[in-house]
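Novice: Questions regarding the structure given below will be posed in turn.
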Amino acid sequence: MPATRYFVEQVLRKRPYLTLEMCRAVVADPICTMVQEDGRIRHWGLVILPNVEGERILQVITLGDGETIHNAFPDRDFVRDEQ
């Protein structure tokens, strides 16, 4: 699964607790997805972060192809739609 230069050079450097494998897992099996107005796709998934107890929600943003990872971050504001 490819990643943008921004992701490799900026995101992984700023968030050393994230791994490409963790982001790939979220894209492969998201609990929720949403297409942004610019065509990028948001994927949310459960992950276990190092030195953090319990599961956390990770938001991974891909380019419009749905595969190229562009950004990722823990999403504390995500609310799962229980309908």
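Novice: How about the chain: which GluC sites (Glu not before Pro) there lie in a loop by DSSP and see at most 15 other Cβ atoms within 10 Å?
Specialist: Answer by residue number: GLU37, GLU53, GLU55, GLU67, GLU82.
Novice: What is the local net charge at LEU63, summed over the other residues whose Cβ is closer than 13 Å to its Cβ (Lys, Arg +1; Asp, Glu -1)?
Specialist: Counting the neighbours of LEU63, the net charge comes to 0.
Novice: Among PRO16, LEU49, GLY66, which residue has its Cα positioned farthest towards the positive end of the charge dipole of the chain, with +1 placed on the Cβ of Lys and Arg, -1 on the Cβ of Asp and Glu, and the dipole taken about the Cα centre?
Specialist: So the residue furthest toward the plus end is PRO16.
Novice: Ok, one more. Using the heavy atoms of the protein chains and a 1.4 angstrom probe, tell me the accessible area per residue for the chain in square angstrom.
Specialist: Details: 5470 Å² over 83 residues.
That works out to 66 Å² for each residue.
Novice: For the chain, compute the orientation-averaged projected area of the C-alpha convex hull (one quarter of its surface), in nm².
Specialist: For the chain, averaging the hull's shadow over all directions gives 5.8 nm².
Novice: Let me ask something else. Out of all DSSP beta bridges in the chain, what portion is antiparallel? Express it as a percent rounded to 5. Before the final figure, lay out each step's value.
Specialist: On the way: 16 of 17 bridges.
So the antiparallel bridges amount to about 95 percent of the total.
Novice: Using a basic spin-label model with each label point 7 Å from the Cα along Cα→Cβ, how many nm lie between PHE73 and MET34?
Specialist: Going by the 7 Å Cα→Cβ label model, 1.4 nm.
Novice: While we're on this one: Which percent of the accessible area of the chain is formed by carbon and sulfur heavy atoms (probe 1.4 angstrom)?
Specialist: Values: 2620 of 5470 Å².
The C+S portion of the solvent-accessible surface of the chain is 48 percent.
Novice: Using 0.36 nm times the number of residues separating TYR17 and VAL52, minus their current alpha carbon distance, what extension gain do you get?
Specialist: So the chain would gain 11.6 nm between TYR17 and VAL52.
Novice: Also, quick follow-up: In deg cm²/dmol and to the nearest 500, what is the mean residue ellipticity at 222 nm of the chain if only DSSP H runs of at least 4 residues count, each as -39500 (n - 2.57), divided by the residue total?
Specialist: -3000 deg cm²/dmol
Novice: Here's a follow-up. May I ask you to list the trypsin sites (Lys or Arg not before Pro) in the stretch 14-83 that are in a DSSP loop and have at most 14 other Cβ atoms within 10 Å of their Cβ?
Specialist: ARG76, ARG80
The values are calculated or read from the model by the stated rules, or taken from the named source; none is laboratory data. Please read these numbers as outputs of a predicted model, since none were measured by experiment. Note: ideal-geometry Cβ built from the backbone for every residue, glycine included; neighbour counts use all protein chains shown. In case anyone asks, the SASA skips ligands and DNA or RNA and just uses the protein heavy atoms, side chains included. Shrake-Rupley method; radii C 1.70, N 1.55, O 1.52, S 1.80 Å.
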